[in-house]
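Working notes, beginning with the structure itself.
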Amino acid sequence: MITSKQISSAVSGLCIDANLKLRPDVVKALKDSLRKETSLKSRNLLSILLENCAIAKSEKIPLCQDTGMTVVFAEVGQDARIQGDLTTAINKGVATGYKEGFLRKSIVADPLLRKNTGTNTPAMIYYDIVPGKKLKLTVLPKGFGSENKSKLYMLNPTAGYDAVVNSILKAIKEAGPDACPPYVVGVGIGGDAAKACYLAKKALTKPVTFLSDKAHFRKLAKELLAKGNKLNIGPLGAGGKTTLLGVNILSMATHIAGLPVAVNISCHSLRSAHKNLQSS
Amino acid sequence: MKTIQLPIDEKTIKTLKAGEMALLSGKLITGRDQAHLRFAGAIKKGKKLPVNIKGQTIYYVGPTPAKAGEVIGSCGPTTSRRMDAFSPLLIKKGLTTMIGKGGRSKETIAAIKKHKGIYFMTLGGAGAYLSKRVISAKVIAYPELGPEAVFELEVRDFPVITAIDSKGKNIF
């Protein structure tokens, strides 16, 4: 049995951890880009971003003031036994984590009336039913400066490889200096409109060196990295070689009439944390 | 690197060139989407603003809550472009200095040029680092907006890059 208390406590810890400790793969990518960057100003900015990570971790100050809309990917083992309401338990964990971690509450209850809920809930929860007895919880606090740069392109099925590359590059150019580059670009290709967007976001939970799980999409991701880093957007828009830290692509089947391409951009402060709970 | 006292006088504004880095010290106010919406609404209705914006510096930020014994939480800039719907009006009414991140609209750039204002970018996503440069913080308007309330901050050696100078020259 996995209890509500276990779930809430796990989620609360993940919210705090993700917001204070930058993922090791992202820190490594920042350090690697600092080694490669030749613009003095951009090197200086990348060094400060790394210093920011150190201060956040040691002094327990959130990496960024936008501690995000809390996105939760819940992989629920179909043989797991869960006590109580899972969604309620996750939201309770988010509320506790944001209160105890001194994280910003950035959620309004209604998109037009815009009254803050004061708890950073509701979380955006995506459930997946998977084999087994585990419950895997991944928390991705998503800042909205970068979320606002999300794109969905419903391309023609005959548009082909180049059109996919150009669409994704267009999304990166449109984000420009606004959404805290260097970026990690999550891409979802295929499915329907909703699934493509889901995959683009889920791709951000993979390590920044992931590229893709399929050879032809790894090639695509590498090409995007090379071309994206020539856009001269640079760290925080100051120019230079460092525009992208990573491009991750997830793909799936699609319809004969379409080629959906979704782009979900993350700022350099790509934050996520996960935990497995086991049904005893 | 130049060190600048806030509020910035007209003469100093004119010396700053796009791309130039500087360290700011002194008092400024904060404001983001909802504060801008309210400021613009009040101006259009001919009502008095709750804060003086003439010659003022505004920083686009919604900080995380301060822990006990701390001045402020994480406090990096939010995306400036969302304020572009309101900035030309505020500049016309005397606002001189803006701090945020990313690019601005043609209209905002034109207003900066016309009224000899300045737009600085600071370090997006470095909210923990920047919190160390804030020495006092208090809410001075719209407390009901929570993280979007207008604060008065006093900063010391707050790092910025001149992104749009008073001649309208733009680094992006």
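The values are calculated or read from the model by the stated rules, or taken from the named source; none is laboratory data. Just so it is clear, the model here is predicted, and its values are computed rather than measured. Please note: Cβ atoms are built from the backbone with ideal geometry, for glycine as well, and neighbour counts cover all protein chains shown. Ligands, DNA and RNA are excluded from the accessible area calculation, which covers all protein heavy atoms including side chains. Shrake-Rupley method; radii C 1.70, N 1.55, O 1.52, S 1.80 Å.
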Point to revise | Residues (free of Cβ contacts under 8 Å to residues at least 40 places away in the same chain and either within 14 Å of another protein chain (Cβ to nearest Cβ) or in a loop (DSSP other than H, G, I, E, B) (or both)) located in the range A:159-180 | key: A:Glu174
Point to revise | Condition check for A:Lys99: open to solvent by 80 Å² or more (accessible area, probe 1.4 Å) and within 14 Å of A:Leu14 (Cβ to Cβ) | key: no
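Across the range A:262-280, which residue is nearest to the chain's Cα centre (by Cα) among those that are part of a loop (DSSP other than H, G, I, E, B) and modelled with pLDDT under 95? Write out each step before concluding.
Initial filter on the range A:262-280 (part of a loop (DSSP other than H, G, I, E, B)): A:267-272, A:279-280.
If we keep only those that are modelled with pLDDT under 95 as well, we get A:279-280.
Numbers: A:Ser279: 28, A:Ser280: 31 Å.
Within the range A:262-280, the match that is nearest to the chain's Cα centre (by Cα) is A:Ser279.
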Revision key, fill the gap. Of B:Lys47, B:Lys17, the only residue that is in contact (Cβ under 8 Å) with a residue 24 or more places away in the chain and either open to solvent by 50 Å² or more (accessible area, probe 1.4 Å) or under 16 Å from the mean Cα position of the chain (by Cα) (or both) is B:Lys17
Check your understanding: Quick one: in the range B:149-172, which of the residues that are buried (at least 21 other Cβ atoms within 10 Å of the Cβ) and not in a strand (DSSP E or B) is farthest from the other protein chains (Cβ to nearest Cβ)?
Key -> B:Ser166
Check your understanding: Only one residue in B:Lys114, B:Lys132 is within 12 Å of chain A (Cβ to nearest Cβ) and open to solvent by 30 Å² or more (accessible area, probe 1.4 Å). Which one?
Key -> B:Lys132
Practice item. Any chance you could count how many residues in the range B:79-98 are more than 17 Å from B:Ala40 (Cβ to Cβ) and either within 13 Å of chain A (Cβ to nearest Cβ) or more than 14 Å from the chain's Cα centre (by Cα) (or both)? Key: 1
Study note, to complete from the structure: How many residues of the range A:15-69 are within 11 Å of chain B (Cβ to nearest Cβ) and of a type in the set (Lys, Arg)? The answer is 3
Check your understanding: Identify, please: which residue in the range A:1-53 is assigned to a loop (DSSP other than H, G, I, E, B) and farther than 30 Å from A:Leu135 by Cα and is, among those, nearest to the chain's Cα centre (by Cα)?
Key -> A:Glu37
